[in-house]
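Below you'll find the structure, written out as structure tokens, and then a few comments.
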Amino acid sequence: MSTCKFIFCLLLLLRVSTPNAQVIRYVRYDGSGNGGTWGSASNDLQLMINNSVPGDQVWVATGTYLPVRPAYDLTITDPKNRNNAFVMKAGVKIYGGFKGIESSLSERKFADYVTTLSGDFNGNDQISGSGITLSIKNNGENAFHVIIATRDNGSVGTLDGFTINGGNANLEDNYIPVNGQMIPTFDGGGLYNYFSSLTVVNCRFTGNTATSAGGIYNYSSSSAITNCSFLANHSTKTFGGGIYNNRSSPAVTNCSFSNNNAAYGGGMYNNNYSAPVVARCSFVGNYADFGGGVLNDEGSFPTVTGCNFANNNAATNGGGMFIYYSSSSTVTNCSFAGNTATDGGGMYNYTSNAAVTNCSFSGNHATDGAGMYNYSSSPTVTNCSLAGNTAGTGGGMLNSSSFPIITNCIIWGNTGGSFYNDNGSSPTVAYSDVRGLTPLENGNMDKDPLFADMGDPDGADNIYGTADDGIRLKDGSPVIDKGSNSAYDVSKYGNADLASYIRISGTAIDMGAYEADNSPLSVVWGTITAITKNGQLIINWTTETEINNRTFIIEASANGKTWQTIGEVKSKAKNGSSAEKTAYSFTKSLGGVAFGFAMLAFGVSGFANRRRRFIAAALLLAGAVMFSYSCNKGVASTTDNNNSYKYIRITQQNMDGTKKMSGVIKVVED
């Protein structure tokens, strides 16, 4: 039987019933009620979660909350049991940051009304130092995990507006049963996320400890982690001070990772074919033996875009990032500055073929390979600037048994030389400005690129990737319009340089990470989100400014490579220009199945007596007939559309017809 016929029959046979209305439950630290209102709030957060069903919300007022129920038996209370945790429930949304008087989510102020979920039963944790000197003491009695999320079966829960601290998953070779799964007590001090699509927003993970994964441990999970910070979390023996992704592909957006510590991957560790999408994040002051900021391991293939790696430290390899063992990472529009390692201050590639585009490497330090160290690797390095790095050997780049492809790059002003090639290494260099390079062929040159101020690479604002960066180009630079347009894939990397200015503004692309022409992009993007909810794809975005803008073309992809246009939204700006933030939204039905179930939901809602049930049945029949018609007309099923809408990008079109693209956004379920 075809999918359409099956769903048609299912719609006809389903009983009409009255669905439960959404319920909000309220929690205050001094509450003693049943949670029905703020006035009758409960002080037992886990009980309110237990009493909720998918679609319900739990609002939590400012204060500190300790888990009082064992994760293996949420029906009992046992204060200070190390097995206690807050256990998420599928489809239940938990919000912190309330004063305790609000009547709508829009009224909460989570930055002002701090709401803490803590595993520190005695309230006496001592946190000192940062990065390499980080120390967390007096936490021996703490809960193994502050939060556990397991097997949500597609019904996505939400954790929004909390500080999570004091988890200490330090008991090795021990497990506790949670929702039919055995959860280790040595991974994920802050959050243990197992086969889950939990949405984590506006949260702060700090002072959590584990043998592995101090902040968050993701196993086979595809969470959306947005606007979160990971500060001073510690993986005491192995992986991921901030986050450890194991067979996981979360979307990590607008997050900061600072002063975390681990043996592998101080800020983040990606392993076992993980494919996270990491966008607009900062990794600052993290420490690890390997991969101070990020370590990508075991065939993982993360996509890292618009991130800043600064002042991270690795005792051995990869101060900013270590890409190891066939991990084909894609790194775009990122800055690596002030990172330190023995080998590979900015980046270390080991038997991996990364694609590194529109990136800057400046002020990094290493014994060997300060900007980048390649071992048995063939990375593709395009439109990057490696300047002002310091090493004993290979200040810009050191290659050992490696064959990197370097195009449209600037490698200049590095202590220890531009290149050092060892063990038969043979880089392919074209259309690049490299100090000391010979012979000068394939469009290469050896000329001062005329940086604005190489001594101040992040500029007066101390922020990399902005208009005042010191390794931007002065007027008259010899590298202007001297790159190869064919080497730069605009459809893949977008038409913006590291500072968000137009990437190809003249007859040809400039060498390096920055274009000399400082004409701003027609649209400066704000936030972009894409979710599926109630059978619809919902895309929301904002623009900070618009100049001469006509329209936005919405494109979708199943694989991030092949794209189809699914809609268009006209600019709201008067005459296409606006200096103020503007919000946009686009919604698309996910096809016939979604429509049929939407009719079902409409038809059954609120019909209690016999007459109304008759009307509901008629509506249901009509919905089924219309659904059948849509199937016969070739409307795609929900499954087909979900597969087609895994990634979203927005192409902005000017009045003159020129087009520029946003970054790629991963679609998440709500």
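If you go through the range 9-25 and keep only what is outside any helix (DSSP H, G or I) and either at pLDDT below 95 or under 17 Å from VAL68 (Cα atoms) (or both), you end up with LEU14, ARG15, VAL16, SER17, THR18, PRO19, ASN20, ALA21, GLN22.
Considering the range 369-402, and only residues there that are closer than 14 Å to GLY512 by Cβ and assigned to a strand (DSSP E or B), the residue that is farthest from the chain's Cα centre (by Cα) turns out to be ALA387.
For the range 568-587, the set of residues classified as surrounded by fewer than 17 Cβ atoms within 10 Å (Cβ to Cβ) and more than 14 Å from VAL523 (Cβ to Cβ) consists of GLU568, LYS574, ASN575, SER585, THR587, listed by residue number. Of the residues making up the range 494-511, those that are in contact with a strand residue (DSSP E or B) (Cβ under 9 Å, 6 or more places away or on another chain) and within 20 Å of SER362 (Cβ to Cβ) are ALA496, LEU498, SER500, TYR501, ARG503, ASP510, MET511.
From the list ASN179, ASN124, the one residue that fits, being modelled with pLDDT under 95 and polar (S, T, N, Q), is ASN179.
Close contacts from the range 528-553, counting a first residue that is closer than 18 Å to THR305 by Cβ and a second that is among the aromatic types (Phe, Trp, Tyr) and not in a strand (DSSP E or B), with Cβ to Cβ under 9 Å and a gap of 6+ residues or different chains, come to ALA530/TYR645.
Given ASN339, ASN364, ASN349, ASN333, which one is modelled with pLDDT of 95 or more and on the phi > 0 side of the Ramachandran plot? Being modelled with pLDDT of 95 or more and on the phi > 0 side of the Ramachandran plot holds for just one of ASN339, ASN364, ASN349, ASN333, which is ASN333.
Taken as a whole, the range 123-132 holds no residue that is buried (at least 23 other Cβ atoms within 10 Å of the Cβ) and either more than 21 Å from MET268 (Cα to Cα) or not charged (D, E, K, R) (or both).
Count of the range 647-668 residues, restricted to those that are within 20 Å of THR303 (Cβ to Cβ) and assigned to a strand (DSSP E or B), is 10.
Among the residues of the range 391-402, those identified as without any contact (Cβ under 8 Å) to a residue 40 or more places away in the chain and touching a strand residue (DSSP E or B) at 6+ places or on another chain (Cβ under 6 Å) are GLY392, THR393, GLY394, GLY395, GLY396, MET397, ASN399, SER400. Only one of (1) buried (at least 24 other Cβ atoms within 10 Å of the Cβ); (2) modelled with pLDDT under 95; (3) not basic (Lys, Arg) fails for SER197. Which number is that? Result: SER197 passes all but (1). Scanning the range 59-84 for residues that are surrounded by 23 or more Cβ atoms within 10 Å (Cβ to Cβ), in contact with a Ser or Thr (Cβ under 8 Å, 6 or more places away or on another chain) and without any contact (Cβ under 8 Å) to a residue 60 or more places away in the chain turns up ALA61, ARG69. Each residue in the range 448-479 was checked for being touching a Pro at 6+ places or on another chain (Cβ under 9 Å) and basic (Lys, Arg), and 1 pass.
Checked against the criterion of being within 24 Å of TRP59 (Cα to Cα) and within 23 Å of the chain's Cα centre (by Cα), the range 165-180 has at least one qualifying residue. Applying the condition of being more than 13 Å from TYR26 (Cβ to Cβ) and acidic (Asp, Glu) to the range 93-119 and asking which residue is farthest from the chain's Cα centre (by Cα) yields GLU107.
Which residue out of ASN311, ASN353, ASN349, ASN317 is polar (S, T, N, Q) and more than 22 Å from PHE403 (Cα to Cα)? Just one listed residue meets the conditions, ASN311. Just give me the residues in the range 275-302 being small (Gly, Ala, Ser) and either surrounded by 24 or more Cβ atoms within 10 Å (Cβ to Cβ) or part of a loop (DSSP other than H, G, I, E, B) (or both), in sequence order. Within the range 275-302, ALA275, GLY285, ALA288, GLY291, GLY292, GLY293, GLY299, SER300 qualify. Restricting attention to the range 314-328 and to residues that are buried (at least 24 other Cβ atoms within 10 Å of the Cβ), at pLDDT 95 or above and among the small types (Gly, Ala, Ser), the residue that is farthest from ASN374 (Cα to Cα) turns out to be ALA314. Cβ-Cβ contacts under 7 Å between residues 6 or more apart (or on different chains), taken from a first residue in the range 290-307 that is more than 8 Å from ASN270 (Cα to Cα) to a second residue that is among the basic types (Lys, Arg) and assigned to a loop (DSSP other than H, G, I, E, B), are listed as GLY306/ARG280; CYS307/ARG280. The set of residues in the range 72-90 being assigned to a loop (DSSP other than H, G, I, E, B), modelled with pLDDT of 95 or more and within 28 Å of the chain's Cα centre (by Cα) consists of ALA85, MET88, LYS89. Residues in the range 221-236 that are under 16 Å from the mean Cα position of the chain (by Cα) and over 18 Å from SER256 (Cβ atoms) were compared, and the one that is surrounded by the most Cβ atoms within 10 Å (Cβ to Cβ) is SER221. Look at (1) over 24 Å from the mean Cα position of the chain (by Cα); (2) under 27 Å from ASP489 (Cβ atoms); (3) modelled with pLDDT under 90 and you find that THR562 fails only one, number (1). Scan the range 460-490 for residues that are of a type in the set (A, V, I, L, M, F, W, C) and modelled with pLDDT of 90 or more and the total you get is 5.
Among the conditions (1) surrounded by 18 or more Cβ atoms within 10 Å (Cβ to Cβ); (2) at pLDDT 90 or above; (3) of a type outside the set (Asp, Glu), VAL523 misses just one, which is (2).
The values are calculated or read from the model by the stated rules, or taken from the named source; none is laboratory data. Quantities reported herein were computed from a predicted structural model and do not represent experimental measurements. When we count neighbours, we look across all protein chains shown, and the Cβ atoms used for this are built from the backbone with ideal geometry, even at glycine.
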